[in-house]
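Coordinate-derived values only; no laboratory data. Because the structure is predicted, anything quoted here is derived from the model rather than measured. Quick reminder, even Gly has a Cβ in these numbers, built from the backbone with ideal geometry, and neighbours come from all protein chains shown.
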Amino acid sequence: MMGPQMGYDRAITVFSPDGRLFQVEYAREAVKRGTTAVGIISDEGVVLLVDKRITSKLLVPESIEKIFNIDDHIAIATSGLVADARVLIDRARMECQVNRMTYSEPIGVEVLAKKICDHKQQYTQFGGVRPYGTALLIAGVGNGRPRLFETDPSGALMEYRATSIGEGRNSAMKIFEERADENITFEGSILMGLDALYEVAKDKLDASTVEIGYVKREDAKVKKMDPEKVREYVERVKWMHKEEEKDKGEEKEE
C-alpha cells in the first residue's frame, strides 16, 4: 500500500494536506549534498569562497568552476546539482545583457536576484517540471554598496551580511553568528570564510580546491584571487587551527 505521502510525491508539485511541497523539499536536500559555499560582506566589499571538493586525483581542479562572473559587478557561487546551476548561470548572464541593452546601464544586484528567484519559483508551480536542485549566492556592488543574496530552490530570496549554502551550512552559520561584524575587514572576511570551510573539511581542506572571488567597493569589478594568494591564506588558517589544537593539548596536560 502507498503511504499518505506517496500521492504528493510524484513529478507534479502539489501541496500535501499539511501544506508541504515534497518536490521542493527534495530539491533542498540536493543542495545540502552540494559543496560548501560562503559569502561575507566586509568594509571593502563582498567575498565568495567555495571548497570544490575534488573526489578523484584524476580530476583537474581548474576544470571545476563554482564561482561565476555574471556581469562586471556581479558574481555567483553555486551549490547543488551542477547542471541545474549552469542553466541558471546562463539565464543570469542573459538578464544582465538584456538590462544593458534595454536601459543602457548595469543591472542592480537585487533586481537580478529577484529575476532569478521568479524563474525558480515558476518551476515549483506548474506540472511536468521539477524545481531546480541548486542554491545560489549572488554577490555584487551597486551604487557603492556591497550586496549578498541567497536563493533557495523554492524561489525564496534573502539578503545577508554573511551566509552559506551546501553541506556545511549549519557549521558555517554558527561561526558567522558568533563572529560576523559589520566592520569586518576584507582580510578578516576571507579568514572567517576559510575558517568555516575548514570546520567542514578539517585537515582535508586543500588550497588547490578552494576558489575565492570578490567584488570591492572601489571599482565594483568581479575578480578571482590568484591561486598562490589563496594558498597563503589557506596555509595561514590551517596553521592557526594547529596552534589552537596544540594549546588545548597543553592545557589538558596541565
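Brief remarks on what is shown
- Virtual spin-label span in nm between Lys32 and Val60, 7 Å along Cα→Cβ: 3.6
- Region 93-107 and region 194-233 have their alpha-carbon centroids 29 Å apart.
- Positive-pole candidate from Tyr103, Ile74, Pro153, dipole of region 20-249, charges at beta carbon: Pro153
- Annotation for Asp219 and Asp118: the two label points, set 7 Å from Cα along the Cα-Cβ direction, are 3.3 nm apart.
- Positive dipole terminus of region 20-249, leading residue within Met94, Ala139, Val46 (C-beta point charges): Met94
- Among 210-220, 170-180, the peptide with the highest mean count of other Cβ atoms within 10 Å heads the list, and the full ranking is 210-220, 170-180.
- Extension gain for Asn183 to Phe22 (0.36 nm times residue separation, less C-alpha to C-alpha distance): 53.9 nm.
- Gyration tensor (alpha-carbon) shape descriptor, the chain, a/c threshold 1.5: oblate
- Its DSSP H runs of at least 4 residues, each contributing -39,500 (n - 2.57), put the calculated 222 nm mean residue ellipticity of the chain at -13500 deg cm²/dmol, to the nearest 500.
- Protection proxy ranking, peptides 38-48, 60-70, average beta carbon neighbours within 10 Å, highest first: 38-48, 60-70
- Glu228 paired with Tyr103, simple spin-label distance in nm, labels 7 Å along Cα-to-beta-carbon: 4.1
- Unit charges at the beta carbon, dipole of region 91-234: most positive-side option, Leu191, Gln122, Ser164: Gln122
- Charged-residue dipole, Cβ positions (Lys, Arg, Asp, Glu), region 105-231 about Cα centre, Debye nearest 20: 340
- About its Cα centre, the dipole of region 20-249 is roughly 700 debye, where the only charges are +1 on Lys and Arg Cβ and -1 on Asp and Glu Cβ.
- Judged by the mean number of other Cβ atoms found within 10 Å, the most tightly packed of the peptides 158-168, 130-140 leads the ranking 130-140, 158-168.
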